[in-house]
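As structure tokens, the structure follows; a few thoughts come after it.
The values are calculated or read from the model by the stated rules, or taken from the named source; none is laboratory data. None of the values given here were measured: they were computed from a predicted structure. Cβ atoms come from the backbone with ideal geometry, glycine included; neighbour counts cover every protein chain shown. Surface accessibility is based on the protein's heavy atoms, side chains included, excluding ligands, DNA and RNA. Shrake-Rupley method; radii C 1.70, N 1.55, O 1.52, S 1.80 Å.
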Amino acid sequence: MVMTGNYASAYGAKLSRAEVIAAYPITPQTSIVEKLAEFVSSGELRAKFIPVESEHSAMAACVAAQTAGARTYTATSSHGLTLMHEVLMWASGARLPIVITNVSRAMAPPWSVWVDHMDSIAQRDTGWLQFFCQSDQEVLDTIIMAYKACESRSVMLPAMVIEDAFILSHTSEPVDVPDQELVDSFLPAYAPELKIEVGKAMGFGSLVKPDQYMEFRYKAMQGMEDARERILSVEKEFKHIFGREHGGLLERYRCDDAEVVLVAAGSVASTAKDVVDAMRAKGVRVGLARIRAFRPFPHQELRALGSKVDGLAVLDRSYTFGAAGAMFTEVKASMYSLQRKPAVKNYIAGLGGRDITPRTLEKILEDMLVVSKRGAEDEVEWVDVAGLPRRWR
Amino acid sequence: MTKGHKELPLTPVSDTPSTINLTGLWRVVRPVVDLSKCKKCTLCWKFCPDAAIELAEGEPHIDLQYCKGCGICSFECPAKCIVMVKEVGR
Amino acid sequence: MTKTTIPYEEFAYPGSTGCPGCGANLVMRYLLKALGERTILSIPACCWAVMPGYWPSHCLKVPLLYTAFEATGAAISGLRAALDVKGVEDVTVVGFAGDGGTVDIGLQAMSGAAERRTDVIYVMYDNEAYMNTGIQRSGSTPWGAWTTTTPVGTNHGFKHESKKDIMSIMQAHGIPYAATVSVAHPEDFVKKAAKAKSIKGFRFIHAMSPCPPGWRMNPMHTVEVARLAVDTHMFPLYEIEHGKVRITRKGKGLPVSEYLKAQGRFSHLTAPEVSAIQKAVDESWKLLLAKEASGT
């Protein structure tokens, strides 16, 4: 089928047999929940659709329903996600494998409905697995895989599947929609060890004293660490059944023998692959490392890559004011233990939906080739900002 | 006793009756019941916030392990058969 | 055995960590006596979020889902949806929140749940301020009351805004049942909660819940003060069934000063201020009588 990223999300949730969907509309997420409401009202999906009055309530309703043993799903974007922030923490603390789609969009002010990753990155400490997708197909597949990985006994944490606003959400691509029976064989019904139910007088999420609080946090940390292996094994199984894979925690594209590698996340990666191909054709040894899982962060995979290259150009589609791009600080921290460290430079680009063109990516890689030999003047550089020297076009 | 992380559930689920909390230790005044005056109206039982009064043949038996000494039973008793006395020597 | 006027079976254990004389303990006790074992509760941040005790203590014989302060309406929506989709029947889903968690921070989620006609009971236990955090004013604090954020003896003094009329707000949602209940009248309380249980749709119970530390009173007076609230028409007992108002207890019509003087939080009020409260209470009572007479 040819469909948008948003429909791919809706089909992903439907194929995963989400049982309770609580959602609130926000641009550009709306067509996900419209489609799901359609599936539910036509009977194609046996689920309860709760048209809640806010995103905070969407997540709170998902948390409650999931505690009662239902598989839940919601979708949101930017301000909706940040309004959910409190309850995102609740979901992970309560160890509920909820899956959501976040259509990643810039934060206001200034108002912008277009892509950047500020909303998603701002949730990095909430205890959620975070997957940045590159294609509509990956969105659909990742939702199904996320449920399976997250519902593992050893993980039991929620996951956020991130699709870039408009670039994926509203762009149609050919998407293979797998058979329901195949998905059912891959993803069994949600059956938690413990759920809230009548006859069991239990309090879920009660007050814990300082002498015991850290142990619960330690367990959540273990869940996230175990997710690394689980993401890989689930994807392996997925590939076996469906014949597709998307790169685990870190997708490496033409990184062997590369001098300089672009590190990026989201839809820009598909543009970057073309740029890498074009530069390789001219004999320039460049590659792309796509951060697919931002949480858990692929430290080891990046270290293995970093030990073999001269430079890493880290592209952030968001900015942590007073520091640098969040991906950059993580990547750089990963390199610290290496004997032979590559040069690492941060490129801030594509905020608020500004296009990141092939030409810009080529310029970034060319800059990084120079930086990896001579060092950088500025470790963090804002790319293509009007009023600054026009050297990125 | 602090439990090791391996002994804990994934998330804090409370399943132990609150009778582990001996709230009677909070008490500064204690109800003393003169059953000979009791009219078995059961008002004391009805108004006890802590469900710390049980009825036997309509007569109240206050569980001092849990009674916090609020004095509602004493105040509400129409027969005035419950008096609050100071806790001493605890 | 002497027959009690309300069900004997308890769904609360002793050992709750509520304050001595806590009205909210009584509210929960009576509520569960009426609703029984097939009940699932959700409680947001409020006194009752800590009253079951530190983990692993649980003072109720029914399951309980803690939720975020503003999220009760959403949590009970989620619970109901999950039970429905799983085909679990005959379960009463209850949101149980304080006044701040209902009329202030939780109003939006509750309004949403009511508008969606969610099949749940929402109970607001009203101690008329943020008591768990230490007696700060809420939208449900009455005019004239002292709280730590409406300190007496400054330029502004006590609270100069009147209490939100949550019953009218809920009536305006067109819900099938709403009722006020008092811990001084357990029979009326249990009867209304049982009636709420028998009705389908969004049901609302407004329970007055005296707070000895917050109202600056002796804990032994909890029930007495609740009784005075009904008898002075400060807190009339009534129900609204499918839009029809019915007063369930007329009360003695005592002067409000009887109610006010029993509590330290009103002790600063002057005679004209007490008269002003009396006038407002008389007007509200007249309005309620008129509503009952007109059937709306």
- Task: Look through the range A:140-198, keep the residues that are part of a helix (DSSP H, G or I), of a type outside the set (Ser, Thr, Tyr) and out of contact with any Pro (no Cβ under 9 Å at 6 or more places or on another chain), and return whichever of them is farthest from C:VAL93 (Cα to Cα).
- Result: A:LEU182
- Go through the range B:42-61 and give me each residue that's at the interface with chain C (Cβ under 8 Å from one of its Cβ atoms) and either assigned to a loop (DSSP other than H, G, I, E, B) or within 14 Å of B:GLU76 (Cβ to Cβ) (or both). B:THR42, B:TRP45, B:LYS46, B:PHE47, B:PRO49, B:ASP50, B:ALA51, B:ALA52, B:GLU57, B:GLY58
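Across the range B:20-39, which residue is nearest to the other protein chains (Cβ to nearest Cβ) among those that are under 29 Å from C:HIS58 (Cβ atoms) and open to solvent by less than 50 Å² (accessible area, probe 1.4 Å)?
Residue satisfying both the conditions and the ranking: B:ASN21.
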- Is it the case that A:MET202 is at pLDDT 95 or above, not assigned by TED's automatic domain parsing to the domain that holds A:ALA349 and not charged (D, E, K, R)? yes
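Would a scan of the range A:251-267 turn up a residue that is assigned to a helix (DSSP H, G or I) and in contact with a Phe, Trp or Tyr (Cβ under 8 Å, 6 or more places away or on another chain)?
As a first pass, look at the range A:251-267 and keep what is assigned to a helix (DSSP H, G or I): none.
Among the residues of the range A:251-267, not one is assigned to a helix (DSSP H, G or I) and in contact with a Phe, Trp or Tyr (Cβ under 8 Å, 6 or more places away or on another chain), which makes the answer no.
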- Where A:SER372 falls short, out of the listed (1) touching a residue at least 60 places away in the same chain (Cβ under 8 Å); (2) in a loop (DSSP other than H, G, I, E, B): (2)
- Within the range A:89-107, residues more than 23 Å from A:GLU197 (Cα to Cα) and either touching a residue at least 60 places away in the same chain (Cβ under 8 Å) or in a strand (DSSP E or B) (or both) come out as A:ILE100, A:THR101, A:ASN102, A:VAL103, A:SER104, A:ARG105, A:ALA106
- Item | Close pairs (8 angstrom Cβ cut-off, 6 or more residues apart or separate chains): farther than 16 Å from C:LYS3 by Cβ and open to solvent by 20 Å² or more (accessible area, probe 1.4 Å) in the range B:49-61, hydrophobic (A, V, I, L, M, F, W, C) and at pLDDT 95 or above anywhere | B:HIS61/B:ILE53; B:HIS61/B:LEU55
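What number of residues within the range C:203-230 are in a helix (DSSP H, G or I) and polar (S, T, N, Q)? Write out each step before concluding.
Narrowing the range C:203-230 to residues in a helix (DSSP H, G or I): C:219-230.
Then keep just the ones that are polar (S, T, N, Q); that gives C:222.
Matching residues across the range C:203-230 total 1.
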- Task: Search the range A:49-77 for residues that are more than 17 Å from C:PHE69 (Cβ to Cβ) and pair each with any residue that is assigned to a loop (DSSP other than H, G, I, E, B) and of a type in the set (S, T, N, Q) when their beta-carbon atoms are under 6 Å apart and the residues are at least 6 apart or on different chains.
- Result: A:ALA75/A:GLN29; A:THR76/A:GLN29; A:SER77/A:GLN29
- Message: Residues that are touching a residue at least 12 places away in the same chain (Cβ under 8 Å) and outside any loop (DSSP other than H, G, I, E, B): does the range A:108-119 have at least one?
- Response: yes
- Task: Go through (1) buried (at least 24 other Cβ atoms within 10 Å of the Cβ); (2) within 11 Å of another protein chain (Cβ to nearest Cβ); (3) hydroxyl-bearing (Ser, Thr, Tyr) one by one and return the number of the condition A:SER54 breaks.
- Result: (1)
- Task: Can you tell me which residue within the range C:6-42, out of those that are more than 7 Å from chain B (Cβ to nearest Cβ), open to solvent by 10 Å² or more (accessible area, probe 1.4 Å) and not in a helix (DSSP H, G or I), is nearest to C:VAL225 (Cα to Cα)?
- Result: C:CYS19
- Query: In the range B:68-90, what residues are more than 7 Å from chain C (Cβ to nearest Cβ), farther than 16 Å from B:LEU43 by Cα and either open to solvent by less than 70 Å² (accessible area, probe 1.4 Å) or touching a Gly at 6+ places or on another chain (Cβ under 6 Å) (or both)?
  - Reply: B:MET84, B:VAL85, B:GLU87
- Query: Is it the case that some residue within the range A:271-288 is of a type outside the set (Asp, Glu), in the same structural domain as A:SER372 (by TED's automatic domain parsing), in contact (Cβ under 8 Å) with a residue 40 or more places away in the chain and farther than 11 Å from A:LEU365 by Cβ?
  - Reply: yes
- Message: Against the definition (free of Cβ contacts under 8 Å to residues at least 60 places away in the same chain and over 17 Å from C:THR72 (Cβ atoms)), how does C:ALA193 come out, yes or no?
- Response: no
- Item | Selected residue [in contact with a Phe, Trp or Tyr (Cβ under 7 Å, 6 or more places away or on another chain), crowded, with 20+ Cβ neighbours inside 10 Å and β-branched (Val, Ile, Thr)] from A:VAL63, A:VAL40, A:VAL33 | A:VAL63
